[in-house]
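The values are calculated or read from the model by the stated rules, or taken from the named source; none is laboratory data. Only a predicted model underlies this, so the values are computations on that prediction, with no experimental measurement involved. Neighbour counts are summed over all protein chains in view; Cβ atoms, including those assigned to glycine, are modelled from backbone coordinates with ideal geometry. For accessibility, only protein heavy atoms count, side chains too; no ligands or nucleic acids. Shrake-Rupley method; radii C 1.70, N 1.55, O 1.52, S 1.80 Å.
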Amino acid sequence: MRKTIIAGNWKMHKNQAESKALITAVLEGVSQMKGETLPDIVLCPVFLSLPLAAETLKSLKEKHGEVLNTCYVGAQNMDYHESGAFTGEIAPGMLTDIGLTHVIIGHSERRQYFAETNASVNLKTRAALANKLVPIVCVGETLDEREAGLTDQVIRRQVASALEELDKDQVAKIVVAYEPVWAIGTGKNCESTEANRVCKMIRETINELYATNVADAIPVLYGGSVKPSTIVEQMEQSDIDGALVGGASLKAEDFLPIIKGGAGRSKLMGTRA
Ligand code: PGA
């Protein structure tokens, strides 16, 4: 049975006070969802707000108990070295040091603006796993690639590169997010059936690479203009196990209905008691 995951990528938004207000509003909202089959919920603020977010999560878990058990804080990026002369970077162990559990790897904005490559995505994925962080590995084609009919080829290559040198047990611990670049922040949603087709193809690619059914248990998320109005249909698809949400994760009133959508799928999949 696969987990459902709803992750919020806050990108370069929210200062400390705003981050605290948003994480509190989201978690207080989740605490009202007692009785729902909640998905895993991962909130990914900017680096500077991570310690505060981790502390806020901890204290709200103490306040509300079990209902927040599936809530986590993650980072949007990290370096793959353990430490060293890498000015401006953050090491994986520094994330776990403050209680983080997840990290987004290879987001298309990192690939586009910060020269990340399939090779660096692989190094970061391996470093995350070595540090017991769950890597949310992002893949996705550009509009040019889609229009040239290259979607499947590009995604297969990104997936295969990201997983290089991972063994079967390691790969079982990753999460993949399919985020078509042309659908990110544009309001242009990828049709649910097409997103489902690609998510399924990602799963099949991993199974082929490992000659096992290892990917049947790996959550594959969709990201790209996910909104409260799109989530229900997305969560009804066979192979979309959750969402990586940008813009709509910045307001609790948008993100909470998306979490509810995830709860609907979680119940359907029977992943929680
Ligand atoms: P969006 O961003 O929901 O604003 O399209 C998604 C993402 O970049 O992860």
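Mind checking segment 139-220 for trypsin sites (Lys or Arg not before Pro) that DSSP puts in a loop (not H, G, I, E or B) and that have at most 16 other Cβ atoms within 10 Å?
Taking segment 139-220 and a limit of 16 other Cβ atoms within 10 Å, the loop trypsin sites (Lys or Arg not before Pro) found are LYS173, LYS188.
So for the chain, taking the charge dipole from beta-carbon charges (+1 Lys/Arg, -1 Asp/Glu), which of ALA263, LEU209, HIS107 sits furthest toward the positive end?
About the Cα centre, the residue reaching furthest to the positive side is ALA263.
Which residues' amide hydrogens lie under 5 Å from the amide hydrogen of THR186, considering only partners 5 or more residues apart or on another chain, with H built in the peptide plane?
Those qualifying (amide H under 5 Å, at least 5 residues apart or on another chain) are SER225.
Assign unit charges at the C-beta atoms only (+1 for Lys and Arg, -1 for Asp and Glu), then state the dipole size of segment 9-152 relative to its Cα centre in Debye, rounded to the nearest 20.
400 debye
Of the candidates ALA115, ALA85, ALA215, which one comes out as most mobile in a Gaussian network treatment of the chain with C-alpha springs shorter than 10 Å?
ALA85
Write down the Å³ per residue value for the convex hull defined by the alpha carbon atoms of segment 167-221.
In segment 167-221, the Cα hull volume divided by residue count equals 79 Å³.
Using the Cα centre of segment 171-273 as the reference point, and only Cβ charges (+1 on K/R, -1 on D/E), how large is the resulting charge dipole? Debye, rounded to the nearest 20.
280 debye
Could you size up the charge dipole of segment 5-272 around its Cα centre, putting +1 on the beta carbon of Lys and Arg and -1 on that of Asp and Glu, and report it in debye to the nearest 20?
560 debye
Consider all pairwise Cα distances in the chain and report the whole-number % of them above 24 Å. Kindly include the intermediate steps, with their values, before the conclusion.
Values: 16481 of 37128 pairs.
Everything past 24 Å amounts to 44 percent.
Quick one: with all protein chains in place, what share of the accessible area of the chain is carbon or sulfur, to the nearest percent (1.4 Å probe)?
Working: 6370 of 11960 Å².
Whole-percent figure for carbon plus sulfur exposure: 53.
May I ask you to list the GluC sites (Glu not before Pro) in segment 167-273 that are in a DSSP loop and have at most 16 other Cβ atoms within 10 Å of their Cβ?
Of the GluC sites (Glu not before Pro), the ones in loops of segment 167-273 whose Cβ has at most 16 other Cβ atoms within 10 Å are GLU191, GLU236.
Are there any GluC sites (Glu not before Pro) in segment 79-183 that are in a DSSP loop and have at most 13 other Cβ atoms within 10 Å? List them by number.
GLU82, GLU165
Can you list residues from other chains, or at least 5 along the same chain, whose modelled amide H is less than 5 Å from the amide H of VAL42?
Correct list: ILE6, ALA7, GLY8, TYR72.
What is the distance in Å between the Cα centroid of segment 142-219 and that of segment 225-252?
When both Cα centres are located, 17 Å separates them.
Can you classify segment 126-273 as rounded, prolate or oblate using the Cα gyration tensor, where a ≥ b ≥ c are the square roots of its eigenvalues, rounded means a/c under 1.5, and otherwise it's prolate if a/b beats b/c and oblate if not? Don't skip to the answer; put the middle values down first.
Values: a/c = 1.65, a/b = 1.21, b/c = 1.36.
Cα axes put segment 126-273 in the oblate bin.
Looking at the chain, which longest stretch skips every one of the chymotrypsin sites (Phe, Trp or Tyr not before Pro) that is in a DSSP loop with at most 14 other Cβ atoms within 10 Å, leaving the sites themselves out? Could you put the intermediate results ahead of the total?
On the way: sites that count: PHE86, PHE114.
It runs 115-273.
Given an 8 Å cut-off on Cα distances and at least 6 residues of separation, report the relative contact order of segment 22-122 as a percent. Please list the in-between numbers first.
Values: 112 pairs, mean separation 24.7, N = 101.
Normalised by residue count, the contact order of segment 22-122 is 24 percent.
Among VAL42, ALA17, THR56, which residue has its Cα positioned farthest towards the positive end of the charge dipole of segment 15-63, with +1 placed on the Cβ of Lys and Arg, -1 on the Cβ of Asp and Glu, and the dipole taken about the Cα centre?
It is THR56.
With every protein chain present, what is the per residue accessible area of the chain (1.4 Å probe, Å²)?
The answer is 44 Å² per residue.
Normalising by the residue count of the chain, find the relative contact order in percent from Cα pairs under 8 Å and 6+ residues apart.
Answer for the chain is 23 percent.
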